[in-house]
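Novice: One structure, pasted below without further comment.
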Amino acid sequence: MNRSALGRNPFKPGPGTKPAHLAGRREELRSIENTLDQIAGLRDRKTGRLLEPGLAPVKIVGPRGVGKTTLLAEARNMARKRGIHVVWLSRLANLDPDGKLFADALAGLKRQGRQVEMLSALDQIIDQETGLMRTRQSRNSQELLLTEALETCMEQRPLALLLDEAMEYEPEALGTLLHLSQRMIASRLPLVLMLAGTPNLDINLDMARAGSIDRCKDLYINGLTPEATREAIGKPFVDRGIKVDDKALEMMENMADSYPFFTQIVGAKAWEAMAKAGCGKVDQAVVREAEAEINRLRLAFYGKVLGTMMRMRILQGALVVMEVLRLNGGRAVSEVIIDSLARDDSAVARGKALDVFHKLVDRGFIWSKGDEMEAGNPAFFKYCQEQEKKAAKELKKTAQRKTNYRKQASSRRVSTATKKKKS
């Protein structure tokens, strides 16, 4: 079978790319679908408000590479199919009326009528020369205008406000937006609010003083189950009429480390090896052909993550956590880990320990399982352990070389001194 007959490679390794098949997220997709269905339901003809209360906001939290943006993109597709207007943000520094939030909200209105009125209102409070708000008091007008823009949009059709990478948003602006949204949801306006981010999102929400968001629907996602991993890799092949041997699928599952990003790498490289071999199936020989490149890419990725941890100065903390988990059978409560990271009981030490702990969680190094923490990615844990052993061996060799050098130098000095005495 030639390459053209196989078609394009369906696997797309890369941040924010949509996989050919989204596996292992059925419960999360069902929650998103239920939330969207609630605002797409019956509304009062005069006010446009929902006949039944809308559902709480949805918060998607997980380390990098596990598919948060993919889930949010699925929410966008579902919303559009239901006639829901979508406002998607990937950053939020302020609530300026000339920003993307206003532009996307106004895009949901018809150009005639209310949109013209809204644009006119914006012109009245923005300095035409500088593009800035005219007075400090106008910031109240800013909030009122945003409220009016969103409410006017919802008079015509439901609205989904999707906030990606929300852990990076400016806290004050995020807090204001969340309070406005919650007030609208409580007023039965057809609004869905969804946020996605790494675990530091919870810290940013605390800084934003968005207490009401505590009542949202939490979707915490991490690695895939073995079954979901096999599905994520195998189904794109099967959907294209390509047979995948069970042993080959098992090999690819092991290579993926239960990490969604790696399922795309493994699938992509197996597809390339299959196309190169000119066959229409994936067997063990095809996977072995791809294995070296898959391992190279995986180790390169882990190396980058390790380098990032070194630059963030949390690698030593990671080693401490690894030892704590090893001594506790692979799991430990947060307090035990934080106590181990703190060198003493001072507030400064505990503050630093807490900061390291949050950074390790945010990077996906450790992850909550019920009331305890465990390795976020056991394969990466193993990689770190191997790197630590290598580093320890190198340090030992270096120390031995220094000892040998000192002995040799001392021996030469003794020999020289003895010769001088004899002469």
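Novice: What are the ³J(HN,Hα) values, in whole Hz, obtained from phi via the Karplus relation 6.51 cos²θ - 1.76 cosθ + 1.60 with θ = phi - 60°, for each residue of region 385-398 in sequence order, with x given for Gly and Pro?
Specialist: My calculation for region 385-398 gives 4, 5, 5, 5, 5, 4, 5, 5, 5, 5, 5, 5, 5, 5 Hz in order.
Novice: Could you tally the net charge around Asp245, taking each other residue with its Cβ under 11 Å from the Cβ of Asp245, Lys/Arg +1 and Asp/Glu -1? All intermediate terms of the calculation are to be shown ahead of the outcome.
Specialist: On the way: positive: Lys243, Lys247, Lys281; negative: Asp246, Glu250, Asp283.
Every neighbour counted, the sum reads 0.
Novice: Under a Cβ-Cβ cut-off of 14 Å, what is the net charge of the residues other than Ala292 that fall near it, where Lys and Arg count +1 and Asp and Glu count -1?
Specialist: On the way: positive: Lys269, Lys276, Arg288, Arg296, Arg298; negative: Glu272, Glu289, Glu291, Glu293.
Residues near Ala292 contribute +1 overall.
Novice: Taking the convex hull of the alpha carbon atoms in region 266-336, what volume per residue do you get, in Å³?
Specialist: On the way: hull volume 9.4 nm³, N = 71.
Cα convex hull per residue, to the nearest whole number: 133 Å³.
Novice: Please list Glu291, Glu168 from largest to smallest accessible area, probe radius 1.4 Å, with all protein chains kept in place. Don't jump to the answer; show the numbers that get you there.
Specialist: Details: Glu291 65, Glu168 130 Å².
The ordering from most to least exposed comes out as Glu168, Glu291.
Novice: Let me ask you something else. Can you run the Rg to Rh ratio on region 10-105? Use alpha carbon positions and the Kirkwood inverse-distance Rh. Present the calculation step by step, with values, prior to reporting the outcome.
Specialist: Numbers: Rg = 15.7 Å, Rh = 15.6 Å.
Here Rg/Rh amounts to 1.01.
Novice: For Thr398 and Lys46, calculate 0.36 nm times their separation in residues minus their Cα-Cα distance, and state this gained length in nm to one decimal.
Specialist: 118.7 nm
Novice: A further question on this structure: Please list the non-local residues whose amide H lies under 5 Å from the amide H of Tyr220, H modeled 1.01 Å from N, same-chain partners needing a gap of 5 or more.
Specialist: Distant-sequence amide H within range of Tyr220: Val61.
Novice: Dividing the alpha-carbon radius of gyration of the chain by 2.2 N^0.38 Å (N being the number of residues), what value is obtained?
Specialist: Values: Rg = 28.1 Å, N = 423, 2.2 N^0.38 = 21.9 Å.
With N residues counted in the chain, Rg over 2.2 N^0.38 Å equals 1.28.
Novice: Let me ask another. For Leu193, what residues show an amide H to amide H distance below 5 Å, using hydrogens built from the backbone and excluding near sequence neighbours?
Specialist: When sequence neighbours closer than 5 places are left aside, the close amide H contacts are Val58, Leu161.
Novice: Could you run the Karplus curve 6.51 cos²θ - 1.76 cosθ + 1.60 with θ = phi - 60° over region 320-330 and give me ³J(HN,Hα) per residue in whole Hz, x for Gly and Pro?
Specialist: Rounded to whole hertz, the list is 4, 4, 4, 5, 4, 5, 4, 6, 10, x, x.
Novice: Taking every DSSP beta bridge with both residues inside the chain, roughly what % is antiparallel (nearest 5)? Walk me through the numbers before you get to the answer.
Specialist: Numbers: 7 of 27 bridges.
Just about 25 percent of them are antiparallel.
Novice: Does anything in region 304-334 have its amide N under 18 Å from the 7 Å Cα→Cβ label point of Glu372, and if so which residues?
Specialist: Taking a point 7 Å out along Cα→Cβ of Glu372, the residues of region 304-334 whose backbone N falls under 18 Å are 321-334.
Novice: Shifting gears a bit: Can you give me the long-range amide H partners of Val66? Hydrogens built in the peptide plane at 1.01 Å from N, cutoff under 5 Å, separation of 5 or more residues or another chain.
Specialist: none
Novice: So which trypsin sites (Lys or Arg not before Pro) in region 217-325 are both in a DSSP loop and have at most 12 other Cβ atoms within 10 Å of their Cβ?
Specialist: On the way: sites: Lys217, Arg230, Arg240, Lys243, Lys247, Lys269, Lys276, Lys281, Arg288, Arg296, Arg298, Lys304, Arg311, Arg313; in loops: Arg240, Arg313.
When the trypsin sites (Lys or Arg not before Pro) of region 217-325 are filtered for loop state and at most 12 Cβ neighbours within 10 Å, Arg313 remain.
Novice: Oh, and also: Within 11 Å, Cβ to Cβ, of Ile203, how many net charges do the neighbouring residues add up to if Lys/Arg are +1 and Asp/Glu are -1? List each step's numbers first, then the result.
Specialist: Details: positive: Lys359; negative: Asp202, Asp206, Asp355, Asp362.
Within the 11 Å Cβ shell, the charges total -3.
Novice: Output wanted: per-residue J couplings in Hz (rounded whole) for region 57-73, from phi through Karplus 6.51 cos²θ - 1.76 cosθ + 1.60, θ = phi - 60°, x for Gly and Pro.
Specialist: Per residue, the Karplus-derived 3J(HN,Hα) values read x, 10, 10, 9, 10, x, x, 5, x, 9, x, 5, 5, 4, 5, 5, 5 Hz.
Novice: Using Cα pairs under 8 angstrom and six or more residues apart, how large is the relative contact order of the chain, in percent?
Specialist: 19
Novice: What ranking of Ile203, Ile185 comes out by heavy-atom accessible area, probe 1.4 Å, highest first?
Specialist: Ile203, Ile185
Novice: From the alpha carbon gyration tensor of region 247-369, can you work out the equivalent ellipsoid semi-axes (sqrt of 5 times each eigenvalue) and give them in Å, largest to smallest?
Specialist: Details: eigenvalues 317, 40, 18 Å².
Result for region 247-369: semi-axes of 40, 14, 10 Å.
The values are calculated or read from the model by the stated rules, or taken from the named source; none is laboratory data. Note that the structure is predicted; figures quoted are calculated from it, not measured. Note that each Cβ is placed from the backbone with ideal geometry, even for glycine, and that neighbours are counted across all protein chains shown. These accessible areas exclude ligands, DNA and RNA; they are computed on the full protein's heavy atoms, side chains included. Shrake-Rupley method; radii C 1.70, N 1.55, O 1.52, S 1.80 Å.
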